[in-house]
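These notes are about the structure you will find just below.
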Amino acid sequence: MSDKLKTFLARLFSTVVLLALLGGAVWWNSPAGYGVLICLLCNLTSVEWFRMLKGTAACRRLALVFGLLLPWLEFARMLREPLFPSLAADSCGLFLMLLVYVLAAFFVNLFCMDRRGRTGREALESMGLTLLAFVFPVWMFCFGMKELDTNNLMLLLWVVLFTKMSDIWAYCCGVLVGRKFIQAPFSPAVSPKKSWEGIIGSYIITMVAGYFLYEWIVGPVEKDLPLASYIVMGSILFVLSVTGDLAGSLIKRGLAVKDSGSLLPGIGGIFDLIDSPAFTVSVCFGLCPLLGETVQSLFS
């Protein structure tokens with residue numbers, strides 16, 4: 001059995017297990033089910049970051065504590081009736097926690113410079129890694145819990161499935177036809193194994209499959225989505241998904257690790273699983289609603 005086939009079978013096994021877990025959350029069809037799943041994924045990612053940052057100047061314990069607590073605090077807040085119905089108010093908890101984390105990281109590094117002889121360059125390196133360990137993907141992925149108190153859970157499910165489809169099809173198309181037409185790699189420095197054929201093939205398949213998936217799971221609870229609007233939205237999500245995957249690869253290369261963990265055969269760790277959904281979920285449920293509300297207030 002070739003190495004490529006072994007990797008493919010390992011990824012297929014892990015994908016089936018993950019789909020089973022996601023299917024269980026869908027079958028439960030409860031905000032609690034989705035919330036617990038998001039919290040567990042964020043917690044496991046925080047543990048993986050704690051291990052990956054060993055030997056660096058980062059404040060690992062600070063990132064771990066906030067990464068373990070934030071998802072559950074946000075989950076508890078979103079389960080109860082929001083104090084304010086606006087989208088901006090729904091995001092206040094996440095932005096407040098980020099502010100507290102940034103201040104805490106600065107205090108810790110100031111202390112380390114004054115009391116432990118850490119240089120300014122080491123403090124800056126520590127700040128960057130410490131912030132990154134919390135923001136990506138834990139803080140970003142937590143924006144998915146903005147939908148737990150609405151009837152829009154199916155849209156969250158669709159965004160995650162669309163994102164993972166783009167990853168899976170990029171890998172499959174890359175294995176089947178990669179470098180047969182375009183020799184230059186898609187990202188030679190960050191992810192040299194990615195091919196243009198894999199990205200293009202994934203875009204076409206994901207866009208087609210994603211449209212029918214949207215009509216199936218989101219269409220019954222949302223208004224109809226025009227084809228042109230879907231093409232724009234799907235294209236943006238696809239670019240974000242690829243960017244998130246490359247961002248994960250960049251971090252692992254910078255930390256000199258192949259995978260964030262070994263929990264998922266053929267995939268790696270939980271960080272390898274939710275790096276790209278962190279980009280798509282945060283933009284869909286964090287940035288876009290805030291921009292929409294801002295524009296609406298300007299013209300009202």
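The values are calculated or read from the model by the stated rules, or taken from the named source; none is laboratory data. The shown structure was predicted, so the numbers you read here are calculated from the model rather than taken from an experiment. Ideal geometry is used to build each Cβ from the backbone, glycine not excepted, and the neighbour counts take in all protein chains shown. Heads up: the accessible areas ignore ligands, DNA and RNA and are worked out on the full protein's heavy atoms, side chains in. Shrake-Rupley method; radii C 1.70, N 1.55, O 1.52, S 1.80 Å.
At a glance:
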item	result
Matching residues, the stretch 45-62, being in a helix (DSSP H, G or I) and open to solvent by 10 Å² or more (accessible area, probe 1.4 Å)	VAL47, GLU48, PHE50, ARG51, MET52, ARG60, ARG61, LEU62
Candidates CYS42, CYS92, filtered to the one that is assigned to a helix (DSSP H, G or I), surrounded by 14 or more Cβ atoms within 10 Å (Cβ to Cβ) and at pLDDT below 85	CYS92
Top-ranked residue of the stretch 180-223 - restricted to ones that are surrounded by fewer than 16 Cβ atoms within 10 Å (Cβ to Cβ) and among the basic types (Lys, Arg), ranked as farthest from GLY234 (Cα to Cα)	LYS180
Qualifying residue in the stretch 158-180 (condition: part of a loop (DSSP other than H, G, I, E, B), at pLDDT below 90, under 22 Å from the mean Cα position of the chain (by Cα) and under 30 Å from TRP72 (Cβ atoms))	no
Enumeration of residues in the stretch 115-136 that are of a type outside the set (Gly, Ala, Ser) and without any contact (Cβ under 8 Å) to a residue 24 or more places away in the chain	ARG115, ARG116, THR119, ARG121, LEU124, MET127
Residue satisfying all of: in the stretch 238-267; small (Gly, Ala, Ser) and in contact with a Gly (Cβ under 6 Å, 6 or more places away or on another chain); farthest from SER187 (Cα to Cα) among these	GLY261
Subset of the stretch 163-179 that is open to solvent by 60 Å² or more (accessible area, probe 1.4 Å) and in contact (Cβ under 8 Å) with a residue 60 or more places away in the chain - its residue that is farthest from ILE267 (Cα to Cα)	VAL175
Criterion (over 21 Å from the mean Cα position of the chain (by Cα) and modelled with pLDDT of 85 or more) met by exactly one of LEU227, LEU213, LEU131	LEU227
Residue match in the stretch 64-75 (condition: modelled with pLDDT of 90 or more, touching a Cys at 6+ places or on another chain (Cβ under 7 Å), open to solvent by 40 Å² or more (accessible area, probe 1.4 Å) and farther than 22 Å from LEU156 by Cα)	no
Residues located in the stretch 230-242, provided they are farther than 14 Å from VAL208 by Cα and out of contact with any helix residue (DSSP H, G or I) (no Cβ under 6 Å at 6 or more places or on another chain)	ILE236, VAL239, VAL242
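Every residue, every condition in (1) open to solvent by 20 Å² or more (accessible area, probe 1.4 Å); (2) on the phi > 0 side of the Ramachandran plot; (3) under 8 Å from the mean Cα position of the chain (by Cα), yes or no:
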residue	(1), (2), (3)
THR243	yes, no, no
LEU250	yes, no, no
GLY254	yes, no, no
SER260	no, no, no
GLY269	no, no, no
ASP275	no, no, yes
THR280	no, no, yes
